[in-house]
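These notes concern the structure reproduced below.
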Amino acid sequence: MKDEAALVDKALGGDESAFEELLHPYRKGMLNIAYQMTGNTEEARDICQTAMIKVFKHLKRFRPGKNLKNWLYKIVKNVANDFYRKKKRDERLKEEHKKRGVSAGYSPEKDFLNREIKEKIEACLKYLSPREKMVFLLRDAEGFSIKETARVMGSSSQSVRTHLCRARRKLRLEFEKIYPKGRWSNEV
Amino acid sequence: MKCKKVKRLLSLYAGNDLSLSMASAVKSHLSSCPECRREYKVYIQSLQEIKGWLKSERIDWDEAEWQQSVKRAAAGKITQKKKLAPWPFKPAWALGFMMVISIVISIFWLRPSLFRERSGLQPDAALIKQTSPQEVVEMTLVSRETGFKIKWFLNKNFNLEEESE
């Protein structure tokens, strides 16, 4: 925590390397949350870039006693929400994205299995609302506690539990569509 | 605890998100209800699988790209700093200042000329001499042989105003 405070001070003084060091432990998590929210690598990077600019701009507002991780994820969440809203407004862009979505993360080196997994994730997550998706990703993909998730979401723990419950139920139903029920009845 | 309530709580129970007392109540129900137990297993399997997919799909920054992003973020701060400049340098204030300065300039420089044009007065030679001597042209002709001098004073319309030897 002391190191974090010192790094914040240095970054406030304009030290770029201190800023980089401050964000380094969370860079992968931030990118992946944005990636799962958009389903597109480039858009995820754009969201992270915007979030980082905001973090740098508002760093003086950050109080050293507070949890930097929660604060960073909250900013990423807000930027991702803004991005989602803008995207929703423009239906034409949305359709374009859908077309690109299937091949967004595709690169020649990615094998068929990865593409298949990506499609499965998209099939499961597409029925979640942005809030449900964010709660699910924070709790189950990033390993945040319910309290931490609530802080990032700016809501109560009860609200997080409700959204998480809905998200998991929807995911379970989608999952059963991918793998028909017969498979489970044999295993039970 | 009844099946209806347990089924509502199963998704949270599958992710260890229930309080201890609730979790133990759900657990005891599951041990005696095969239908709820089957649903619970589906929750567990689906969660595990989806978590696995998400894990395998995790992406990371390319180091150069990350460094570039940090630089861009820092540069973003610098531009923001410029925006937060003291009040005389804010765009609205700057525009206001420019307007005031242009009005002042127009009053001091444009108005006298406009006044002269509108009044239509032809200034006489004496006035020209006193107020704007640059508008009176003086020409001196000197004879090489006799040393005789002729001075001509011409106004801006090249009308002869005065002549002397």
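The values are calculated or read from the model by the stated rules, or taken from the named source; none is laboratory data. Worth saying up front: this structure is predicted, and the values here are computed from it rather than measured. Here the Cβ positions follow ideal geometry from the backbone for every residue, glycine too, while neighbour counts run over all protein chains shown. Accessible surface is based on the protein model in full, side chains and every heavy atom, while ligands, DNA and RNA are left aside. Shrake-Rupley method; radii C 1.70, N 1.55, O 1.52, S 1.80 Å.
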**Asked** Using 0.36 nm per residue, how much length does the chain from residue B:149 to residue B:90 gain when fully extended, once their Cα-Cα distance is taken away?
**Response** 14.8 nm
**Message:** Just to be sure I understand the model, the point goes 7 Å from the Cα along the line to the Cβ. What's the resulting residue B:56 to residue A:5 distance in nm?
**Reply:** 4.6 nm
**Request:** May I ask you to list the chymotrypsin sites (Phe, Trp or Tyr not before Pro) in the range A:3-74 that are in a DSSP loop and have at most 11 other Cβ atoms within 10 Å of their Cβ?
**Result:** none
**Asked** Would you list A:41, B:146, A:162 from the most to the least accessible area, probe 1.4 Å?
**Response** B:146, A:162, A:41
**Asked** Using a 1.4 Å probe on protein heavy atoms only, how many Å² of accessible area do A and B hide from each other, summed over both chains and rounded to 100?
**Response** 4600 Å²
**Request:** Show A:119, A:148 ordered by accessible area, largest first, where the area counts protein heavy atoms only and the probe is 1.4 Å.
**Result:** A:119, A:148
**Request:** Using a 1.4 Å probe and counting only protein heavy atoms, arrange B:138, A:132 so the residue with the most accessible area comes first.
**Result:** B:138, A:132
**Request:** Taking amide H positions as placed in the peptide plane 1.01 Å from N, state which residues far from residue A:62 in sequence (5 or more) or on other chains have amide H under 5 Å from it.
**Result:** none
**Fill in**
Note on the range B:3-56: the mean projected area of its alpha-carbon convex hull, in nm², is 3.6 nm²
